[in-house]
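Structure first, commentary second.
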Amino acid sequence: MEIFKSMEQHDYEQLVFCQDKTSGLKAIICIHDTTLGPALGGTRMWNYETEEEAIEDAIRLARGMTYKNAAAGLNLGGGKTVIIGDPRKDKNEEMFRAFGRYIQGLNGRYITAEDVGTTVADMDLIHEETDYVTGISPAFGSSGNPSPVTAYGIYIGMKAAALEAFGDDSLKGKKVAVQGVGNVAYTLCKYLHEEGAELIVTDINQDSVDRAVNDFGATAVAPDAIYSQEADIFAPCAMGAIINDETIPQLKVKVVAGSANNQLKEDRHGDELEARGIVYAPDFVINSGGVINVADELYGYNNERAMKRVETIYDSITRIFAISKRDSVPSYIAAERMAEERIARMAKSRKQFLTNGHDILSRR
């Protein structure tokens, strides 16, 4: 793998390899862009088959965080860490504390958080060695479970998408087909139910389905039947790559807006939604409530302030549709342009992040 060639292609700033023989730590920290501020992105632990696969995942995810943080209006750049190992059996205290020391050595250029394969308890161990970590236990000043905040952001963004599709942002009487009823989607269903939306739900976990049926009067359907429902809105809240060649022809909705990451299997599927007149709320914008919430910890967490900022997702989604019309491009491209335009504006006044006594980390 030609690492520098890969980094040059999308202007990556830094790739850091971290190893600790005693604990078995093998970690890769990727910092994509710090134009807006220090790079914030979670730590993923996964049993990668090869080191090259781990590097590719780190750089792909880091770039995604740059766009997510920029689109969310945060003064943060994008980064990501991957730890090579099986999270079910390879974890130990020494590993995360050694990793915390590596983060501390970056002197604030990178801030980590929980991700796939890591937990709040792991973040607490990292916190033993550095303050550059979010998503720690509430006892240490964390925001706690981010699911309700993420769900609120999805709900707010869905209303903005409804305004674009129907001319009114009210969800009362709208039929919403929700794929996956986990922690985030269950709270989303609560918001939708309280506004008077009709819910159609599915999940591979029958208990989750039963809970939504009992609590919100939802109609349950089989997993494969969720795509073909006569509904107004499809909310993918489970797996990624769910908007693809097989599912798009089945959709009978006017809006796609949900919490799942990487909903489009390929970019061309975003083009297909546009061609069919389906309004798509780009996933990395509408599901940014979680990162907005943990970012507020950097100021000393305040729930009211965080929720107010999450409400700006409505404006972000609305702006994406405006850019889409302005440039005659699908919404997924418009979302990237919105992020890129913000980064470009800030790049004129500052470049790489260096602590200066006035940044958000110095105010902690």
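The table below gives the values:
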| item | result |
| --- | --- |
| Condition met for residue 180 (modelled with pLDDT of 95 or more and over 20 Å from residue 292 (Cβ atoms)) | yes |
| Residue within the stretch 153-161 that is touching a Gly at 6+ places or on another chain (Cβ under 6 Å), in contact (Cβ under 8 Å) with a residue 40 or more places away in the chain, over 19 Å from residue 254 (Cα atoms) and not in a loop (DSSP other than H, G, I, E, B) present | yes |
| Hey, residue 206 without any contact (Cβ under 8 Å) to a residue 12 or more places away in the chain, closer than 22 Å to residue 240 by Cα and in the same structural domain as residue 216 (by TED's automatic domain parsing) or not | yes |
| Positions within the stretch 211-251 being assigned to a helix (DSSP H, G or I) and among the β-branched types (Val, Ile, Thr), in sequence order | 213, 226, 248 |
| Selection count, the stretch 301-319, where residues are assigned to a helix (DSSP H, G or I) and either polar (S, T, N, Q) or under 17 Å from the mean Cα position of the chain (by Cα) (or both) | 10 |
| Some residue of the stretch 268-279 being surrounded by fewer than 21 Cβ atoms within 10 Å (Cβ to Cβ), among the charged types (D, E, K, R) and not in a helix (DSSP H, G or I) | yes |
| Residue match in the stretch 75-94 (condition: within 30 Å of residue 347 (Cβ to Cβ) and of a type in the set (Val, Ile, Thr)) | yes |
| Selection count where residues are free of Cβ contacts under 8 Å to residues at least 60 places away in the same chain and under 22 Å from the mean Cα position of the chain (by Cα), scope the stretch 8-50 | 9 |
| The listed residue being out of contact with any strand residue (DSSP E or B) (no Cβ under 6 Å at 6 or more places or on another chain), closer than 24 Å to residue 312 by Cβ, surrounded by 14 or more Cβ atoms within 10 Å (Cβ to Cβ) and of a type in the set (Asp, Glu), out of 210, 169, 203 | 169 |
| Test for residue 135: is it out of contact with any Pro (no Cβ under 7 Å at 6 or more places or on another chain), within 21 Å of residue 305 (Cβ to Cβ), assigned to a loop (DSSP other than H, G, I, E, B) and not aliphatic (A, V, I, L, M) | yes |
| Test: residue in the stretch 286-298 that is farther than 18 Å from residue 334 by Cβ and of a type in the set (D, E, K, R) | yes |
| Candidate set: the stretch 252-267, residues that are within 18 Å of the chain's Cα centre (by Cα), of a type in the set (A, V, I, L, M, F, W, C) and assigned to a loop (DSSP other than H, G, I, E, B); chosen: the one surrounded by the most Cβ atoms within 10 Å (Cβ to Cβ) | 257 |
| Long-range neighbours under 7 Å by Cβ, at least six apart or interchain, first residue farther than 22 Å from residue 169 by Cα within the stretch 239-265, second among the hydroxyl-bearing types (Ser, Thr, Tyr) and crowded, with 19+ Cβ neighbours inside 10 Å | 247/227; 250/227; 264/332 |
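Here's the yes/no breakdown for (1) assigned to a strand (DSSP E or B); (2) in contact with a Gly (Cβ under 8 Å, 6 or more places away or on another chain):
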site	(1), (2)
28	yes, no
31	yes, yes
37	no, yes
44	yes, yes
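Residues are listed down the side, and each one gets a yes or a no for (1) touching a His at 6+ places or on another chain (Cβ under 6 Å); (2) buried (at least 23 other Cβ atoms within 10 Å of the Cβ):
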| site | (1), (2) |
| --- | --- |
| 45 | no, yes |
| 52 | no, no |
| 62 | yes, yes |
| 70 | no, yes |
| 83 | no, yes |
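The values are calculated or read from the model by the stated rules, or taken from the named source; none is laboratory data. Keep in mind it's a predicted model, so treat the numbers as computed, not measured. Because the Cβ atoms are built from the backbone with ideal geometry, glycine has one as well, and the counts that use them run over all protein chains shown.
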